[in-house]
Amino acid sequence: MTVLLGKRLRMEPSVFLIRNDIEYFLFEEDFVEANMRCIPMIVRFKMDLAGIKLKLNEWVKFSNREKLELAISPAGNPEQISNYKRMLNRMIFDHTGQTGTSLEINHAPAWSVIDNVPEQLDLHMQKMNKSISRNQWHNLTNLQRFALLKLVKDGHENKNFLKALIEFGIVRKRTI
């Protein structure tokens with residue numbers, strides 16, 4: 001239930017919350033609601049793979065069905081990534097009349113290097129007097145590593161970073 005100006009509004013559960021085939025994180029629950037106002041990590045991950053930036057003002061124009069399609073559509077090989085890019089560009093064009101903003105595709109993103117903790121993440125952890133071992137980093141999923149790096153990116157507010165560390169088993173809640 002959401003409180004707005006002292007009044008309680010009943011919101012329908014998000015289509016994301018009632019599906020078992022969508023990977024999202026508990027730290028994202030703040031915005032996994034009926035209108036899915038923020039872009040979930042699973043969609044951001046696939047957009048990076050496809051080299052398309054989706055602006056929040058474009059995302060909010062999409063229907064729940066379209067948001068669901070972006071979350072569940074595969075992007076695990078070059079053909080699927082190409083299809084994903086076409087689908088996303090079509091959706092953006094249908095809602096804005098514009099093509100999607102292209103991103104340079106990093107063919108060796110930091111999250112894919114599993115043997116070493118990226119310096120950016122290590123430095124952020126040190127600022128918090130925490131650490132992440134190479135083994136912990138190695139044992140995370142691609143999406144988890146991607147999420148941690150997005151959460152420590154310059155210009156990001158980092159408010160869910162600690163929640164993600166706890167959720168991923170990097171730190172324990174009582175050590176905070």
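Read-outs: derived from the displayed coordinates by stated rules, not from any lab. These numbers come from a predicted model, not from an experiment. For neighbour counting, all protein chains shown are included, and Cβ atoms are generated from backbone atoms with ideal geometry for every residue, glycine included.
Tell me, in nm to one decimal, what length is gained between Asp122 and Asn57 on full extension, where the rule is 0.36 nm per residue of separation less the Cα-Cα distance?
That pair, Asp122 and Asn57, stretches by 20.2 nm at full extension.
Considering amide H positions built from the backbone, and no H for Pro or chain starts, which residues 5 or more places from Ile52, or on another chain, come under 5 Å of its amide H?
Leu103
Too long at a 32 Å Cα-Cα cut-off: which of Lys46/Lys130; Lys153/Lys173; Lys61/Lys127?
Cα-Cα > 32 Å for Lys61/Lys127; rest within.
What is the range 94-155 by shape, rounded, prolate or oblate, if you read a ≥ b ≥ c off the alpha carbon gyration tensor as root eigenvalues and call it rounded for a/c under 1.5, prolate for a/b larger than b/c, and oblate otherwise? Could you put the intermediate results ahead of the total?
Details: a/c = 2.88, a/b = 2.01, b/c = 1.43.
Because a/c hits 1.5 or more and a/b exceeds b/c, the range 94-155 counts as prolate.
So how do 75-83, 159-167 stack up, highest first, on mean other-Cβ count within 10 Å?
In decreasing order of mean packing, 75-83, 159-167 become 159-167, 75-83.
Could you please rank Lys53, Lys67, placing first whichever residue has the fewest other Cβ atoms within 10 Å of its Cβ?
With the fewest neighbours first, Lys53, Lys67 line up as Lys53, Lys67.
In nm, to one decimal, how far is the Asn158 label point from the Lys130 one, both placed 7 Å along Cα→Cβ?
According to this spin-label approximation, the distance is 1.1 nm.
Taking neighbour Cβ counts within 10 Å as the exposure measure, how do His138, His107, His124 sort from fewest upward?
So the ranking, lowest neighbour count to highest, is His107, His138, His124.
What full-extension length gain, to one decimal in nm, is calculated for His138 and Ser112 as 0.36 nm per residue of separation minus the Cα-Cα distance? Intermediate values should be presented prior to the final figure.
Values: separation 26, 0.36 × 26 = 9.36 nm, distance 0.96 nm.
Stretched out fully, the His138 to Ser112 stretch lengthens by 8.4 nm.
Using only alpha carbon pairs under 8 Å that are at least six residues apart, calculate the relative contact order of the range 28-176 and give it in whole percent.
19
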